[in-house]
């Protein structure tokens, strides 16, 4: 049984934009809002070189990392081909206008992200 | 819903590419069935020559293994030649009786080799050079026999001859035309090629006409006889005298054929709207293409129509040629034969085996033929395709792009001579071996694919020529470069010019309108097109189109430069590089208060505060109390100045004052790319005006203005634009030039590339020759900049979303 922690309202996140969420440990989280008001959350750390995804350009259901333009998909947190690598994805609950995150996930031990695999 | 049925006849590169494109955009639309006459899955036909030469194996050239077909649920009938189509019942029938019904039919039957109609053509040991079976026959024959004759001294014939020679045969090439590769080379280059191949051991009979092939008692070929009665021994005869579109099936089922199956710009046959055709069998505007790049363009277009997106037209391609014989560099493109109304620029060094011919008509490069040194082939090809005016670089043209100065790859400009360990792309640290490996293993064909997979030339692009050379050498003759006018990005087929025109002509004011009117494939674009469209809107319709911060790169959204660790840098504006004790004190206090780790003087005569946390940015700006330096944007950056006549004992003009006037007039100006100015007070030019977008140099009688210089990736010296007498004139000319660039430049195009594209004469005509237009341009810039806010202080007016500086917490 998940416990949901209220984060903000949907309107607090810019359309086709993101907000950064700080937490006590485990690193920042980026919450994204798409054009049709879906909300997604990923660890705010690109699997490539750790760039803050919350600062990227949001398009469709993905974000372009501001450092080297890797495209990370919201559904799986994984980079679009040919880049390889994934970042942790967080569950988001939308209750009307309220955005909540899963408390267990927030407090959980963050698994080390898969190392980025550049082409040999 | 029941899926529609798509049947493809032919299982070659163009056809399968169409399926790949189709699956990308409409994966669930069709139930797909493929018939292939050969018993192999789709392989890279271009690489048969390296296989013959023993440089690659057959396994390595398979593009789509059987598992690929299975994964995508494609029914594959290998080794089954289609012999009939009932167009009324829409059923395809193969030789063995296999049938498949269709809603759409794609005919991609490719081409057949042309077999000379001479006696003996059916003897054993007489083959064409077209597929895996032919290649295997050649490899087998080379083991047991000695003498080979290749009929046809074109691209394919020479590659076959070279391969057979490497496999130990004595090879004679018979060519009926007066010189080798007459469609790709002029006689001078062809003679050099012939000599170089003779040095390797090939024999040639040029101008010889084959009369008959003679057989032995066992029915195997033993000699070739010519019209003049001479005979030469031959255990193997390879016919490489050209290809013909394979229209056998199409003609049989009543499709209109003329030099191929006639198709429209959407690759639909003109006879039957349910039937499409693509590849070497299709005749588009009278041309059946035989190279891979045009066919892939066709594939893309065809897929969008099959996928029912209904967008995109194929408009034909320019092609270039490269011979795939290791160690021989040869390149040709466009119309290199010259003739009436053309001028030829020729460099010929027979001793050093270098020959270059460039053909120019009306100041436009229309063709190039290179032998021995092909480093600049792709550069010339680009100019041919873009119909670029070359008047201003004419005297340098022959000496190539490297002559214009490139940085970042250690002066290397010849891919063939580079070892695998040599670095090609200095930005991303990509070595030649990595690129070659990726091309071979992943079956890459285009520059874009290489960029995506290896990142080579994906950043600054200065090594693009090298990467294209490696691509040509590895992927081979079938490669030719990207389409003439590049689309803005993968979301659309429209190019930058078309988008700009549409926004202006149709008075479009929002990104959504642009996407709807120009049939964008994606709902809200991508990180490439959104910033471009946003710029086009606000520069075309200032004070009318609304800036969209979410369509800007983070630097222009946060008004600071993001650094590798996610912190930001802050550069306050110092007008023309002049500061004061009060400003420096405030800067020092800010550094202490916010514990800013690094303070650095920039190249543009300002101070950079590095390592500022994002949440501190508003307070840092407020405490600094200085205007935004816009060091983060596609904007006017700085006006660099020397000390000038106020202090300098050599100074002839007050450059600092001029610089301040320019910077105050132009700051906050967004442009297609960053813009840098400089003003020097005398011709000693201490402010380095010669490498700026607009560079001003004071002389005794006034000011010289230079434009389109660049000190970056490619050092380009600014071109002299005009000389004027007064400050007011400097301001007006500079403003008019920059406004023209703002209106006509493509996003991320620096002034040097913009002027290179439209020609300096065009810019002069608009800015210098037409005083009324100059004033109008300057007035439009003043109007655009009038009342623009300083984003560091006027958040609301500048559409700065202040929420970004406050993180949420849980």
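Please treat every number below as a calculation from the coordinates, not as lab data. Because the structure is a prediction, the values reported are computed rather than measured. Reconstructed Cβ throughout: ideal geometry from the backbone, glycine too, with neighbour counts over all protein chains shown.
Using alpha carbons only, how many angstrom separate the centre of the stretch B:426-447 from the centre of the stretch B:661-712?
When both Cα centres are located, 39 Å separates them.
With n ≥ 4 as the cut-off for DSSP H runs, can you work out [θ] at 222 nm for the protein assembly as shown, using -39500 (n - 2.57) per run divided by the number of residues, rounded to the nearest 500? It would help to have the intermediate numbers written out before the result.
On the way: 25 runs with 249 residues, N = 930.
Rounded to the nearest 500, the figure is -8000 deg cm²/dmol.
Place a point 7 Å from Cα of residue B:78 in the direction of its Cβ. Which residues in the stretch B:29-54 have their backbone N less than 15 Å from it?
Answer for the stretch B:29-54: B:34-44.
What's the long-distance tail for the stretch B:633-789, i.e. % of Cα pairs beyond 22 Å? The partial results should precede the final answer.
Working: 4183 of 12246 pairs.
Taking all Cα-Cα pairs of the stretch B:633-789, the fraction more than 22 Å apart is 34 percent.
Can you give the relative contact order of the stretch B:536-684 as a percent, counting alpha carbon pairs under 8 Å and 6+ residues apart?
Details: 253 pairs, mean separation 34.2, N = 149.
Taking the mean separation of contacting Cα pairs over the length of the stretch B:536-684, I get 23 percent.
Quick one: grab Rg to one decimal and Dmax as a whole number for the stretch B:516-611, Cα atoms only, in Å.
18.2, 56
What's the angle, to the nearest 10 degrees (0 to 90), between helix B:655-666's Cα axis and the longest principal axis of chain B?
Taking the Cα atoms of chain B, the angle to B:655-666 is about 70 degrees.
With the Cα gyration tensor of the stretch B:175-307 giving a ≥ b ≥ c as the square roots of its eigenvalues, does the rule (a/c under 1.5 for rounded; else a/b larger than b/c for prolate; else oblate) give rounded, prolate or oblate?
Since a/c reaches 1.5 and a/b is larger than b/c, the shape of the stretch B:175-307 is classed as prolate.
Which whole number in µm²/s is D for the stretch B:320-403 by Stokes-Einstein, with the Kirkwood Rh taken over Cα pairs at 20 °C and 1.002 mPa s?
167 µm²/s
Determine the shape class of the stretch B:496-552: with a ≥ b ≥ c the square roots of the Cα gyration tensor eigenvalues, call it rounded for a/c under 1.5, and otherwise prolate if a/b is greater than b/c, oblate otherwise.
Since a/c reaches 1.5 but b/c is at least a/b, the shape of the stretch B:496-552 is classed as oblate.
By per-residue mean of other Cβ atoms within 10 Å, what is the highest-first order of A:5-18, B:629-642, B:370-383?
Order by mean packing, descending: B:629-642, B:370-383, A:5-18.
Rounded to the nearest 0.05, what FRET efficiency do residue B:728 and residue B:505 have when you use their Cβ-Cβ distance and R0 = 35 Å? Spell out each step's value before the answer.
Numbers: r = 34 Å, r/R0 = 0.97.
Once rounded, the FRET efficiency stands at 0.55.
I'm checking a number: the convex hull volume of the Cα atoms of chain B, normalised per residue, in Å³. What is it?
Numbers: hull volume 161.3 nm³, N = 810.
Dividing the Cα hull volume of chain B by its residues yields 199 Å³.
For residue B:146 and residue B:786, calculate 0.36 nm times their separation in residues minus their Cα-Cα distance, and state this gained length in nm to one decimal.
That works out to 222.2 nm of additional length.
To the nearest 0.05, what FRET efficiency results for residue B:647 and residue B:701 with a Förster distance of 22 Å applied to their C-beta separation?
Working: r = 21 Å, r/R0 = 0.98.
Once the sixth-power term is evaluated, E becomes 0.55.
Normalise the Debye intensity by I(0) for the stretch B:126-241, one equal point scatterer per Cα, no solvent, then take log10 at q = 0.15, 0.18, 0.20, 0.22 Å⁻¹ and round to two decimals.
-0.61, -0.88, -1.08, -1.28
Given a cut-off of 20 Å, what percent of all Cα-Cα pairs of the stretch B:1-86 lie beyond it?
Here the tail beyond 20 Å accounts for 38 percent of pairs.
I want to check the label-to-label distance for residue B:769 and residue B:212. Put each point 7 Å from Cα in the C-beta direction and report it in nm to one decimal.
Going by the 7 Å Cα→Cβ label model, 6.9 nm.
Ranked highest first by average number of other Cβ atoms within 10 Å, how do B:242-248, B:62-68 line up?
Output ranking for B:242-248, B:62-68: B:242-248, B:62-68.
Between residue B:395 and residue B:345, what is the label-to-label distance in nm when each label sits 7 Å out along the Cα-to-Cβ direction?
1.2 nm
The stretch B:266-371: Rg/Rh from Cα coordinates, Kirkwood Rh?
1.13
Under the 0.36 nm per residue contour assumption, what length would be gained going from the current alpha-carbon distance of residue B:664 and residue B:776 to full extension?
Full extension from residue B:664 to residue B:776 adds 38.4 nm.
If you line up the long axis of helix B:529-540 against the longest principal axis of chain B, both from Cα atoms, how many degrees apart are they, to the nearest 10?
On a 0 to 90 degree scale, this one is about 50.
Can you give the mean number of other chain Cβ atoms that lie within 10 Å of the Cβ atoms in peptide A:4-15?
2
In nm, to one decimal, how far is the residue B:265 label point from the residue B:114 one, both placed 7 Å along Cα→Cβ?
3.1 nm
Once the Cα atoms of helix B:292-306 and of chain B are each reduced to a long axis, what angle between those two axes, in degrees from 0 to 90 to the nearest 10, is obtained?
The helix B:292-306 is inclined about 80 degrees to chain B.
Expressed as a fraction of 2.2 N^0.38 Å, the rule-of-thumb size for a compact globular protein of N residues, what is the C-alpha radius of gyration of the stretch B:570-685?
Ratio of Cα Rg to 2.2 N^0.38 Å: 1.13.
Just for the Cα atoms in chain A, what are the lengths along the principal axes, largest first, rounded to whole Å?
Cα extents, longest axis first: 46, 31, 21 Å.
Looking at chain B only, what percent of DSSP beta bridges run antiparallel? Nearest 5 please.
So the antiparallel bridges amount to about 60 percent of the total.
Can you pull the three principal axis extents for the Cα set of the stretch B:450-603, in Å, largest first?
63, 45, 28
Per residue of A:61-69, what is the mean number of Cβ atoms on other protein chains within 10 angstrom of that residue's Cβ?
So the per-residue partner count for this stretch is 4.
Considering every residue in B:549-561, what mean count of other chain Cβ atoms within 10 Å of its Cβ is obtained?
Averaged over the peptide's residues, the number is 3.
Restricting things to Cα coordinates, could you compute the convex hull volume per residue of the protein assembly as shown in Å³?
Convex hull of Cα atoms, per residue: 197 Å³.
Can you give the three extents of the C-alpha atoms in the stretch B:675-751 along their principal axes, from longest to shortest, in whole Å?
Its Cα atoms span 37, 25, 15 Å along the three principal axes.
Can you give the extra length, in nm with one decimal, that the chain gains between residue A:38 and residue A:103 once fully stretched, where that is 0.36 nm per residue apart less the Cα-Cα distance?
21.4 nm
If a/c stays under 1.5 just call it rounded; otherwise compare a/b with b/c (prolate if a/b is bigger, oblate if not). Do that for the stretch B:705-810, with a ≥ b ≥ c from the square roots of the Cα gyration tensor eigenvalues.
It comes out prolate by the Cα gyration axes.
Given contacts defined as C-alpha pairs under 8 Å and at least six residues apart, what's the relative contact order of chain B, whole-number percent?
7 percent
Return the whole-Å distance between the Cα centroid of the stretch A:25-95 and the Cα centroid of the stretch B:138-216.
Using only Cα atoms to place each centre, the spacing works out to 58 Å.
Take every DSSP beta bridge whose two residues both sit in the protein assembly as shown, then give the antiparallel share in percent to the nearest 5.
The antiparallel fraction comes to roughly 70 percent.
In percent, what relative contact order does the stretch B:633-789 have, based on Cα pairs under 8 Å that are 6 or more apart in sequence?
19 percent
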